[in-house]
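Participant: Got a structure for you, written out below as C-alpha cells; questions coming shortly.
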C-alpha cells in the first residue's frame with residue numbers, strides 16, 4: 001500500500017513540475033541579437049541588444065550606426081514579447097521560441113491594420129550583412145551624386161555619403177525633403193549593403209559598383225521599392241533648402257488657429273507670442289526627420305526662450321481619427337519632453353495640409369520650418385532637415401541656426 005502511495009505521490013510531483021516548467025516565462029537572453037525583416041524578395045537585417053533591470057523588466061536597444069533607440073515599453077509573457085517603439089505607433093510582436101530565438105512580426109499601425117512584416121531574430125553578435133572588406137569600403141567611401149527612380153514621375157535627386165565605421169560601412173542619403181538617417185552595413189568586392197530600422201522606417205539599400213558608378217535598389221518596408229544610381233561627385237549640391245517654399249503672393253504674415261494637445265486654441269496672435277521671434281515647425285509625430293529637428297529646436301528653445309524666442313509645432317497626422325491623432329501627439333510630446341505647444345493641424349496628406357496653411361505657396365516636406373521676426377515678417381522658410389546621421393551637414397546647420405537665432409532675438 002505504501003509503495004503504491006509513494007509511486008502516486010512521485011507521479012504527481014513529476015506532473016506538477018512539468019506544468020510548472022511549461023508555464024515558466026521564456027526569457028530572451030541578454031546581449032546582442034541579429035534580426036531580419038522579411039520584405040519578400042529581400043531581407044532587411046538590423047541589430048539590437050536585450051537587457052533586464054533589477055526588477056526583471058526587459059528592454060531593447062535598437063542599433064543603427066551611431067544611433068541607439070531604447071525600447072522600455074515591453075510586455076513579456078509565458079511565450080511572447082511585445083515591444084512598443086518609443087514615439088512612433090509601431091511594435092514588434094514576437095514569440096519567444098527559446099532564450100536565443102524570436103519569431104513574429106513588425107506591425108506599423110500608421111500604415112493600416114494589415115501592415116505586417118515577418119520578423120525573426122537570433123542571439124548573435126554577427127554583423128548585419130556578414131563579411132566586410134575595408135578595401136571595398138575605401139572604393140565606395142566619399143560623396144556621391146545620386147538619382148532615384150530616374151525617368152519617372154517619382155524621380156528625385158540625392159547626395160549619398162558613405163564611409164567606414166567600426167569595422168563596417170556607414171552613411172546616409174540626403175534629399176531635398178530630408179535624409180535617410182543612420183544607415184549601417186558592409187562593402188564587399190563590388191557590392192554595397194546598407195540598412196536601417198528605427199521603429200518608423202525600415203530601409204534597405206543594395207548596389208553594385210560598375211566602374212565609377214553605383215547601380216542599386218532601395219526598399220522601404222514592403223510598400224515601396226525603386227532603382228537608384230550614383231556617380232562620385234564631391235562637388236554636387238542639392239537645391240538650397242531655404243529656396244523651395246515661399247510665402248504665397250498676397251500674404252504678408254503667418255496666421256492660423258489650431259488646438260494644442262491640451263485642447264487650447266493657439267495662434268501667432270496670442271499675447272504671449274505676438275511681438276516675439278517665432279519658429280513655426282510644420283511636422284508629424286510619425287516622421288523621424290521631424291523628431292530629429294524637434295530635438296534641435298528644444299535646444300534652441302532652452303537657450304533663447306528667456307530672450308523672447310517662441311516655438312509652435314503644427315502636426316499633421318496619419319491617424320484618420322482625430323482622437324487617436326491627439327493621443328499620439330500627446331505621447332510624442334511626452335516622449336521628447338517638448339516644452340512648447342504642439343498643435344494638431346489635421347491629416348498628413350500634403351494637399352490637405354497646404355489648404356490649412358494657405359500662406360505657403362506649397363508644402364513639399366515634413367518637416368518645414370518658418371522663422372518669423374518680432375514684426376511678424378517671415379525671414380526664412382526651410383524645407384526638410386538634415387539630421388545627425390548626415391555628419392558635417394548636421395553640425396554645420398546647427399551652428400548656423402544658433403547664429404541666426406542669436407541675431408534674431410536681439411532685433412527690436
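Participant: By how many degrees, 0 to 90 and rounded to 10, does the Cα axis of helix 392-410 deviate from the longest principal axis of the chain?
Facilitator: The answer is roughly 50 degrees.
Participant: 222 nm [θ] for the chain, helices only, -39500 (n - 2.57) per DSSP H run of 4+, per residue, to 500? If you can, show how the numbers build up before the last one.
Facilitator: On the way: 6 runs with 87 residues, N = 412.
Result for the chain, helices only: -7000 deg cm²/dmol.
Participant: Right, next: Report the Cα centroid-to-centroid distance between the range 292-348 and the range 119-138 in angstrom, as an integer.
Facilitator: Here the two parts' Cα centres lie 37 Å apart.
Participant: For a quick check, take a GNM of the chain with Cα springs below 10 Å and name the residue from 315, 26, 323 with the largest mean-square fluctuation.
Facilitator: Looking only at 315, 26, 323, the biggest GNM fluctuation is shown by 323.
Participant: Can you compute log10 of I(q)/I(0) for the range 143-231 with the Debye formula, treating each Cα as one identical point scatterer, at q = 0.14, 0.23 Å⁻¹?
Facilitator: Evaluating at q = 0.14, 0.23 Å⁻¹ gives log10 I(q)/I(0) of -0.45, -1.29.
Participant: Does anyone have the angle between helix 322-336 and the longest principal axis of the chain? Alpha-carbon axes, 0 to 90°, nearest 10?
Facilitator: 90
Participant: Something else about it: Given the convex hull of the Cα atoms of the chain, what is a quarter of its surface area in nm²?
Facilitator: Computing the convex hull of the Cα atoms and averaging its projections yields 26.3 nm².
Participant: Then there's this: Residues in the range 141-173 near a label at residue 212, defined as backbone nitrogen under 17 Å from the 7 Å Cα→Cβ point?
Facilitator: Label zone hits: 141-147, 160.
Participant: Give me the distance in nm between label points sitting 7 Å out from Cα along the Cα-to-Cβ direction at residue 38 and residue 103, one decimal.
Facilitator: The answer from the label model is 0.9 nm.
Participant: Roughly how many nanometres apart are two label points built 7 Å out from the Cα toward the Cβ at residue 70 and residue 380?
Facilitator: With each label placed 7 Å out from Cα toward Cβ, I get 3.2 nm.
Participant: Between residue 411 and residue 251, 0.36 nm times their residue separation minus their Cα-Cα distance comes to what? Don't jump to the answer; show the numbers that get you there.
Facilitator: Details: separation 160, 0.36 × 160 = 57.60 nm, distance 2.26 nm.
The span from residue 411 to residue 251 would gain 55.3 nm if fully extended.
Participant: Could I ask something else about it? Over the range 241-410, what is the relative contact order in whole percent, taking alpha-carbon pairs under 8 Å and six or more residues apart? Let's see the in-between values first.
Facilitator: Values: 293 pairs, mean separation 56.3, N = 170.
Relative contact order of the range 241-410: 33 percent.
Participant: So if we plug the beta-carbon distance of residue 265 and residue 361 into 1/(1 + (r/R0)^6) with R0 = 30 Å, what FRET efficiency do we get, rounded to 0.05?
Facilitator: Numbers: r = 26 Å, r/R0 = 0.87.
Here the calculated transfer efficiency is 0.70.
Participant: Here is a further query. Give me the extension gain from residue 305 to residue 399: residue separation times 0.36 nm, minus the current Cα-Cα distance, reported in nm with one decimal. All intermediate terms of the calculation are to be shown ahead of the outcome.
Facilitator: Details: separation 94, 0.36 × 94 = 33.84 nm, distance 1.76 nm.
Result for the pair: 32.1 nm of gain on full extension.
Participant: Fewest first, what order do 32, 135 take by the number of other Cβ atoms within 10 Å? All intermediate terms of the calculation are to be shown ahead of the outcome.
Facilitator: On the way: 32 14, 135 9.
Placing the least packed residue first, the sequence is 135, 32.
Participant: Of 71, 282, 87, how do they rank once you tally other Cβ atoms within 10 Å and put the fewest first?
Facilitator: Details: 71 18, 282 26, 87 22.
With the fewest neighbours first, 71, 282, 87 line up as 71, 87, 282.
Participant: Further question: Using per-residue counts of other Cβ atoms within 10 Å, averaged over each peptide, order 137-143, 148-154 from highest down.
Facilitator: Values: 137-143: 17.3, 148-154: 11.4.
Highest-to-lowest ranking by the protection proxy: 137-143, 148-154.
Participant: Any chance you could give the angle, 0 to 90 degrees and rounded to 10, that helix 2-23 forms with the longest Cα principal axis of the chain?
Facilitator: Computed tilt is about 10 degrees.
Participant: Work out the FRET efficiency for residue 231 and residue 392 from their Cβ-Cβ distance, taking R0 = 22 Å, and round it to the nearest 0.05. Mind dumping the intermediate values first?
Facilitator: Values: r = 21 Å, r/R0 = 0.95.
Given R0 = 22 Å and the Cβ-Cβ separation, E is 0.60.
Participant: With a Cα-only, solvent-free Debye model of the range 31-123, what are the log10 I(q)/I(0) values at q = 0.10, 0.15, 0.23, 0.24 Å⁻¹?
Facilitator: Ignoring solvent entirely, the Cα scatterers give -0.24, -0.56, -1.39, -1.50.
Participant: Could you give the nm distance between label points at residue 154 and residue 349, where each point is 7 Å from its Cα heading toward the beta carbon?
Facilitator: 2.0
A short reminder: the numbers here are calculations on the coordinates, not readings from a lab. Treat the numbers as computed from the prediction; the structure is a model and nothing was measured. Positions of Cβ are backbone-derived with ideal geometry, glycine not excepted, and every protein chain shown enters the neighbour counts.
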